[in-house]
Ligand SMILES: [Zn+2]
């Protein structure tokens, strides 16, 4: 019997990152609102999360770095020496109003999720604000100020020595998680990502010190590439490892309409890939990650929650209220100017 929990926070309703940044889009609250509108998310399953305290975050990130995030939030600026040292305030990782609170909330959700997995309190947890897989212990990197997947793994490891599999289907390689956990025992890291895009790590021969298996895909890889890889390589490897816990980073930026990759997945293929992993019936934490087309990302992640509660999102239609959530989104990107109607009117893609 599944016990599912959806972690969210009103902090994600506030705008962030500033104009021109790829993450200056709504990503988490539309997922919450669509799931509620569709009647998929009741109060019993929803958990509002507060930011992790600096002391808690400092158990995982470098305390000086955590202090720098607090200072940046308080002063809305940072001395040059700290900007350079912590990679904060550079173009990818700008200083914004909730530069501490927002990532600390996403991290707290993954910490609480790890605790609930370890205690058996819940079997399927969803943190769409999580999946920031590039963050370093003492440095912001690739739009990521914390590394909540790495923290979730560490948190689980503190409480149990049982095997953990981390599966990452984001278009980009999970360099931050791989580096963080090179030495962690009983851990299997599997990443499928586009070859030769930033951060340019995760080649097929990159084993991350022994824990990692990397599957770079060529540009224009499609659903069938993703799904055949899942079926012929990845599921057998996970089954052979026999983990007790599964953490899935489900970045949606491999979608054909996402501007940050040249992968060619559809929503259906993306959902099927996650469903294949969930069908292993292992207690799971499902995270967001990349996703830079706000319409696609909202639907992709609302569909993840549908999968978690046992629905097939490929066969779902959007109710009027959910359509209005999508119609209300803004996207200052050339692809958003003439957007196809199905982005806001249909749940899946019209191929
Ligand atoms: Zn990504």
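We did not get these values from a lab; they are worked out from the coordinates using the rules stated. Because the structure is predicted, anything quoted here is derived from the model rather than measured. Note: ideal-geometry Cβ built from the backbone for every residue, glycine included; neighbour counts use all protein chains shown.
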Rounded to whole angstrom, the alpha-carbon centroid of segment 307-351 lies from that of segment 30-56 at a distance of 20 Å
Normalised Cα Rg of segment 1-94, dividing by 2.2 N^0.38 Å with N its residue count, works out at 1.37
So the FRET efficiency between residue 43 and residue 207, C-beta based with R0 = 51 Å and rounded to 0.05, is 0.70
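Obtain the radius of gyration and the Kirkwood radius of segment 183-245 from its C-alpha atoms and give Rg over Rh.
0.98
To the nearest 0.05, how large is the calculated FRET efficiency for residue 309 and residue 13 if R₀ is 22 Å and r is the Cβ-Cβ distance?
Efficiency computed from Cβ-Cβ geometry: 0.45.
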Least to most buried among 86, 12, by other C-beta atoms within 10 Å and fewest first, runs 12, 86
Expected sort for 299-307, 67-75 on mean C-beta neighbours within 10 Å, highest first, is 299-307, 67-75
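What percent does the relative contact order of the chain come to when contacts are Cα pairs within less than 8 Å and at least six residues apart? Provide the component values of the computation, followed by the final result.
Details: 719 pairs, mean separation 63.5, N = 351.
Averaging sequence separation for qualifying contacts and normalising by length gives 18 percent for the chain.
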P(r) over all Cα-Cα pairs of segment 66-113, 10 Å bins from 0 to the longest distance, whole percent per bin, short to long, reads 28, 51, 18, 3
Long-range alpha-carbon pairs in the chain, meaning those over 30 Å apart, account in percent for 30 percent
To the nearest 0.05, the calculated FRET efficiency linking residue 279 and residue 84 through their beta-carbon distance, R0 being 45 Å, is 0.45
So the compactness index of segment 108-202, its C-alpha Rg divided by 2.2 N^0.38 Å, takes the value 1.05
Kirkwood Rh for segment 246-345 from C-alpha pairs, in Å, is 14.1 Å
With label points set 7 Å from each Cα along the Cα-to-Cβ direction at residue 121 and residue 320, the distance between them in nm comes to 4.0 nm
Residue 341 and residue 239 label points (each 7 Å along its Cα→Cβ direction) are spaced in nm at 4.4 nm
